[in-house]
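The structure appears below as structure tokens.
Any read-out appearing in this document is the output of simple, stated calculations on the displayed coordinates, not a laboratory observation. Owing to the predicted nature of the structure, the values given are computational and were not obtained by experimental measurement. All Cβ positions, even for glycine, are placed from backbone atoms using ideal geometry, and neighbour counts span all protein chains on display.
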Amino acid sequence: MYILGDLFEAWVGDDGADATALAVASALRELAEHGSSIFFVHGNRDFLLGPSFAEQSRMRLLQEPVHLPELEPATALLHGDILCTDDRSYQRFRAKVRNPDWQARILARPLWWRRLLGRLARTISRRRNRGRPPEIMDVNAQAVRQCFEALGIGRLIHGHTHRPGIHRLEINGRTCERVVLGDWHGERGSVLRLDREGACLMVLHYAEGGDLALVPA
Ligand SMILES: [Mn+2]
């Protein structure tokens, strides 16, 4: 199982894991104990999730892009925020907070201070994003193209933009595919099924009686 980041709304350090995070950790651990391999890529909200929580959840932390050359077509996984290059101020912010020295300095601060900083950052981000043109928050076509070319892949899978869909595009005469996962909120959930038939986006569906099923989106 590959979790492509922003599993959590906010993460201020593994020492700040709340009851929800601990419940998630124990569910993941149980899954791992039943034989699943679990991989985690950071998102723009939980980029401070560290080795201690990963160990507790039996997840392996991966650096993006995650390359899966054994798949047909060769596939790469990303959270997706790095493709949103039209949002220049966000990319500057991202470069700063993904720097290991910056992260070490922040994590050395007391938990209460990090919680305050996290709340402040979310308030600023909400204000900033209000009333902005939605195109800015989507991927940049050139960044997508460069990603396919640089990685030599035929399929790219990411989330982040909350615009689930499967997009076909032509790159150097080859038909490539960009799969955008949907979000997980309340009773909504987005899952991608990949098999020989190709990629199919699925959503969680609660049937009557509360049974959980996956149905095509
Ligand atoms: Mn995100």
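Data table
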item: Computed E for Ala104/Glu149 - FRET, C-beta separation, R0 30 angstrom, nearest 0.05; result: 0.35
item: Stretch gain in nm, segment Ala121-Glu30, where the contour uses 0.36 nm per residue and the Cα spacing is subtracted; result: 29.4 nm
item: Rg/Rg_ref, segment 55-123, where Rg_ref = 2.2 N^0.38 Å and atoms are Cα; result: 1.45
item: Neighbourhood net charge (10 Å Cβ-Cβ; Lys/Arg +1, Asp/Glu -1) for Ala54; result: 0
item: Residue among Leu194, Leu169, Leu48 with the largest mean-square fluctuation in a Gaussian network model of the chain, springs linking Cα atoms under 10 Å; result: Leu194
item: Selected from Trp184, Trp11, Trp112 as most flexible by GNM, with the chain as the system and alpha-carbon contacts under 10 Å; result: Trp112
item: Extension reserve of the Val191-Asp18 stretch, reckoned as 0.36 nm per residue once the Cα distance is removed; result: 59.8 nm
item: Computed [θ] at 222 nm, deg cm²/dmol, the chain (DSSP H ≥ 4; -39,500 (n - 2.57); rounded to nearest 500); result: -10000 deg cm²/dmol
item: Gaussian network model of the chain, Cα within-10 Å springs - most flexible of Asp46, Asp87, Asp101; result: Asp101
item: Most positive-pole-ward Cα, Met1, Phe40, Val139, against dipole of the chain from beta carbon charges; result: Val139
item: Where trypsin sites (Lys or Arg not before Pro) in DSSP loops with at most 10 other Cβ within 10 Å are excluded, longest remaining stretch of the chain; result: 1-129
item: Distance between modelled label sites at Val66 and Arg132, nm, 7 Å Cα→Cβ extension; result: 2.6
item: Net charge contributed by nearby residues that have their C-beta within less than 14 Å of Asn99 (K/R +1, D/E -1); result: +4
